[in-house]
Amino acid sequence: MFKRKRRVDASTDFPSDGQLQVELDELTATSDSRELTRADTEVREAVQRAAKTDIRKIKLLEQGRCPDCQGRTENFHFTVVCPACGWFRRTTPEGGRSVVYLETGETIECDKVFRGGQDELLCMRDGIVISQVMRSHVRKVDHHWEPEALQKAKAHAHRTRHGVCSWCEKDLEQVAYDAVLVDYVAFGAWQDRYMFCSDRCQDSFRRQFPPRVHRNCYEVDCNSCELCIKRFDTSHASPPRVPSLARG
């Protein structure tokens, strides 16, 4: 007896590219799913490698290093810059806008501007690309900040730099360095750091968010746990405000 091979319906999971669809139809017609399975495995491996690369970049930025050349970065209000290679990351607030000035004298107003490749800029407005401009045609790009958005961005930068209590939201700049308490907790796949100005706030936080069934972030050391994706190394103080004897 011949075993009936399962037909693979791949047409609904792939983009409607003409040549790609023809190749998928040929594989599906022969009822041979091995190539599709192999391709799916390669995609999963590529995603895992990309995730490791992202984690590496996050770790380097936390240590004040450039993700491209590992040089020491300089932090400004809303931009991180590497003087060594020129890499930068800019924060754009909600409500702001950008104006692209072309060599012809024309201007393009948009919400955000992205580098789309080696020689082009993508101008976004309302979530769509309204213009694709070659860099050689651009004279300058201005970024305009709304006063309210600017104030919120400055407040967020201050909170990020000095930290606030995760329970009462007190500015930790007012708390003695050795008095800051830390918990590393993963409510989902990613581990986050929660800082507290006192034992009372930390205990209140733990009562509000008790240990879950499959993990106990308040008692287990993060470096020996593999139940979530790590973001912080709890064996030493990463940011300047976190004490070295942080709880795991």
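With respect to being at pLDDT below 90 and outside any strand (DSSP E or B), His214 fits the description. Among the residues making up the stretch 93-107, a single one is farther than 22 Å from Thr79 by Cβ and surrounded by 14 or more Cβ atoms within 10 Å (Cβ to Cβ): Leu102. Within the stretch 172-184, one or more residues are part of a helix (DSSP H, G or I), under 27 Å from the mean Cα position of the chain (by Cα) and aliphatic (A, V, I, L, M). Val80 satisfies every condition listed in (1) outside any strand (DSSP E or B); (2) among the β-branched types (Val, Ile, Thr); (3) modelled with pLDDT of 80 or more except (1). If the condition is being touching a Ser or Thr at 6+ places or on another chain (Cβ under 6 Å) and over 23 Å from Phe78 (Cα atoms), then the stretch 130-156 contributes no residue at all. One residue stands out in the stretch 185-199 among those that are assigned to a strand (DSSP E or B) and under 23 Å from Ile229 (Cβ atoms): the one that is nearest to the chain's Cα centre (by Cα), namely Trp190.
The residue that is farthest from Trp190 (Cα to Cα), among those in the stretch 1-52 that are among the hydroxyl-bearing types (Ser, Thr, Tyr) and at pLDDT below 75, is Thr30.
Within the stretch 35-62, being surrounded by 13 or more Cβ atoms within 10 Å (Cβ to Cβ) and of a type in the set (S, T, N, Q) holds for no residue.
Which one is farthest from Ile58 (Cα to Cα), of the residues in the stretch 108-137 that are surrounded by 14 or more Cβ atoms within 10 Å (Cβ to Cβ) and among the small types (Gly, Ala, Ser)? In this case the residue turns out to be Ser131. The set of residues in the stretch 171-191 being modelled with pLDDT under 85 and not aliphatic (A, V, I, L, M) consists of Asp171, Glu173, Gln174, Tyr177, Asp178, Phe187, Gly188, Trp190, Gln191.
Out of Gly86, Gly117, Gly105, report the one residue that is in a loop (DSSP other than H, G, I, E, B), under 21 Å from the mean Cα position of the chain (by Cα) and at pLDDT 85 or above. Full working, then the answer.
Details: Gly117 fails: at pLDDT 85 or above; Gly105 fails: under 21 Å from the mean Cα position of the chain (by Cα).
Every option except Gly86 fails the conditions.
The values are calculated or read from the model by the stated rules, or taken from the named source; none is laboratory data. For clarity, every value in this text was computed on a predicted model and none was experimentally measured. Don't worry about glycine lacking a Cβ; one is built from the backbone with ideal geometry, like all the others, and counts go over all protein chains shown.
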